[in-house]
Amino acid sequence: MSGADTPVTTSSDEGQERLGTLFGLGAYLLWGVFPLYFRLLEPAGAVEIVVHRVLWSLLVCLVVLAVVRDVSWVRPLLRRPRSLLTLGVAAVFIAVNWGVYVYAVNAGHVVEAALGYFINPIVTVLVGVLVLRERLRRLQWAAVAFGLVAVVVLTVDYGRPPWIALLLAVSFATYGLMKKRVGVGLGALASLTSETVLLAPVAAVALIWLEATGRGTFAESAPGHGLLLASTGVATAVPLLLFAASARRVPLVTIGLLQFLTPVLQAAVRRAAAR
């Protein structure tokens, strides 16, 4: 192979990949403690929590945008319908992931939710290898193989098809793929703002319906419960911004391998809470 054919990796590229890895670590560490957080939001149901996550996340994004005064990305994005469609698909899949996960945690299916986060890295890595043509090193293949064995053992022990786990894994892997498709041209904050803007009309209608029919819980145990629901904006936006920043900088297979941190941390959190 000639020197011209050899890919050149600059120190800048390596620095960006290290930064992306750190962002990914931050996101997955935060997601690892989410089971404890969502328990605090009861008696709100899965739909209500997802609706609040969308609307409060959008508010957080708009406040940050107002502070940094950066809306220069809006017009170029509106002229790129393919990117808008990709963000729309990403928004749908992350909303599905949120709803399924909150339902699983609050309905007592925590084991299956955790299993979903063991399956998720494998699905994400497969998407990176098969769809994006990314490559794994030997140690990375070993990690995937170890994770696959763990998934098989946990699934057999569970005793039935883990539909919740599979839906969690596929929805988040698809979300990760869409974030890669958007590319580096759209920043993490711009990307998340766009997703929440696209989801906001449906979320607003759902919230109005919940409150009008008496199914909403925002006013219960005021002001504590309402403030907790409002805190979903920060709790949702921060790890998603970290994830988006990571997805722009590192291969999808790296993101997949980092995802093993979340179920391990969730298992540790559950064990500590049970004592």
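Using a Gaussian network model on the chain with a 10 Å cutoff between Cα atoms, which of Leu227, Leu126, Leu189 fluctuates the most?
Its mean-square fluctuation being the largest, the pick is Leu227.
Identify the trypsin sites (Lys or Arg not before Pro) of the range 117-180 meeting these criteria: DSSP loop state and at most 15 other C-beta atoms within 10 Å of the C-beta.
Sites meeting the loop and neighbour criteria: Arg133, Arg135, Arg137.
Give me Ser221, Ser171, Ser231 sorted ascending by neighbouring Cβ count inside 10 Å, so fewest comes first.
Ranked by crowding around the Cβ, least crowded first: Ser221, Ser231, Ser171.
Just the Cα atoms of the range 133-275: what Rg and Dmax do they give in Å?
19.0, 56
Which residues in the range 19-36 place their backbone N less than 19 Å from a point set 7 Å from the Cα of Leu139 along the Cα-to-Cβ direction?
Under cut-off, by backbone N: 19-26.
Tell me the trypsin sites (Lys or Arg not before Pro) within the range 53-96 that lie in a loop according to DSSP and have at most 12 other beta-carbon atoms within 10 Å.
Arg69, Arg79
Run the dipole for the range 103-187 about the Cα centre, Lys and Arg Cβ at +1, Asp and Glu Cβ at -1, nothing else charged, and hand back the magnitude in debye, nearest 20.
For this selection, approximately 460 debye.
State, as an integer percentage, the relative contact order of the chain based on alpha-carbon contacts under 8 Å between residues 6 or more apart.
42 percent
Would you work out which of Tyr158, Thr193, Leu136 lies farthest towards the positive end of the dipole of the range 133-194? Charges go on Cβ: Lys and Arg +1, Asp and Glu -1.
Looking along the dipole axis, the top candidate is Leu136.
Rounded to the nearest 500 deg cm²/dmol, what is the calculated helix-only ellipticity per residue at 222 nm for the chain, with -39500 (n - 2.57) per DSSP H run of length n ≥ 4?
Taken over the chain, the calculation gives -26000 deg cm²/dmol.
Can you pull the Rg over Rh of the chain, Cα-only, Kirkwood?
Taking Rh as the inverse mean 1/r over Cα pairs, Rg/Rh reads 0.98.
Determine, for Thr196, Thr86, Thr262, Thr213, the number of other Cβ atoms within 10 Å of each Cβ, and report the residues in order from fewest to most.
Thr213, Thr86, Thr262, Thr196
No value in this document is a laboratory result; all are computed from the given coordinates. None of the values given here were measured: they were computed from a predicted structure. Please note: Cβ atoms are built from the backbone with ideal geometry, for glycine as well, and neighbour counts cover all protein chains shown.
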